[in-house]
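What follows is a single structure, written as structure tokens, with notes after it.
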Amino acid sequence: MYRQILITVLLACCAALTHADQKQVFGDYEVHYSVLNATFLPAEIASRYGIVRGKDRAIVNIAVRRRLPGGETEAQAAVVTGKSSDLVHSIPLSFEEIRESGAIYYLAGLRISDKEPRSFEIKVQPDPAIAPYTLKFTKTLYHGD
């Protein structure tokens with residue numbers, strides 16, 4: 001019962017994360033991405049997956065979907081690596097794969113400054129036979145309450 005509650009909460013959180021997501025299409029794959037303040041993730045879930053919460057912390061959420069004939073998509077495992085940088089520093093992102101109830105998400109935490117634009121470069125490789133796709137975006141992040 002406890003496990004089912006945790007799965008439900010995790011999926012609700014990931015749905016909230018992906019509600020604010022953006023996506024980029026690479027061939028047969030959709031890469032959904034979002035960056036949100038870590039305080040949006042319930043403490044219990046953050047603890048379970050080793051994610052540090054705080055107003056100066058953010059979560060990068062990546063989900064890969066493979067396009068199927070007929071227009072549907074399915075969760076796709078991938079190798080996900082990346083880095084984030086401000087005007088001065090660049091830091092590697094360490095993604096944790098989370099699989100729950102048929103969903104696959106890749107989460108990475110990072111420390112942020114308030115009202116600071118950050119650049120992200122994420123490499124996603126859903127098929128080992130092809131070179132990784134590179135996703136680049138910039139997002140201004142804010143401290144949570």
- Item | Qualifying residue in the stretch 20-39 (condition: modelled with pLDDT of 80 or more, assigned to a helix (DSSP H, G or I), surrounded by fewer than 17 Cβ atoms within 10 Å (Cβ to Cβ) and of a type in the set (A, V, I, L, M, F, W, C)) | no
- Among the candidates Tyr105, Tyr49, single out the residue that is open to solvent by 20 Å² or more (accessible area, probe 1.4 Å) and either out of contact with any helix residue (DSSP H, G or I) (no Cβ under 7 Å at 6 or more places or on another chain) or free of Cβ contacts under 8 Å to residues at least 60 places away in the same chain (or both). Tyr49
- Among the residues of the stretch 95-125, which ones are outside any strand (DSSP E or B), at negative phi and over 11 Å from the mean Cα position of the chain (by Cα)? Ile112, Ser113, Asp114
- Query: Which one is most open to solvent (accessible area, probe 1.4 Å), of the residues in the stretch 58-102 that are touching a residue at least 40 places away in the same chain (Cβ under 8 Å) and of a type in the set (S, T, N, Q)?
  - Reply: Ser101
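The values are calculated or read from the model by the stated rules, or taken from the named source; none is laboratory data. Note that the structure is predicted; figures quoted are calculated from it, not measured. Cβ coordinates were reconstructed from backbone atoms using ideal geometry, including for glycine residues, and neighbour counts include every protein chain displayed. In case anyone asks, the SASA skips ligands and DNA or RNA and just uses the protein heavy atoms, side chains included. Shrake-Rupley method; radii C 1.70, N 1.55, O 1.52, S 1.80 Å.
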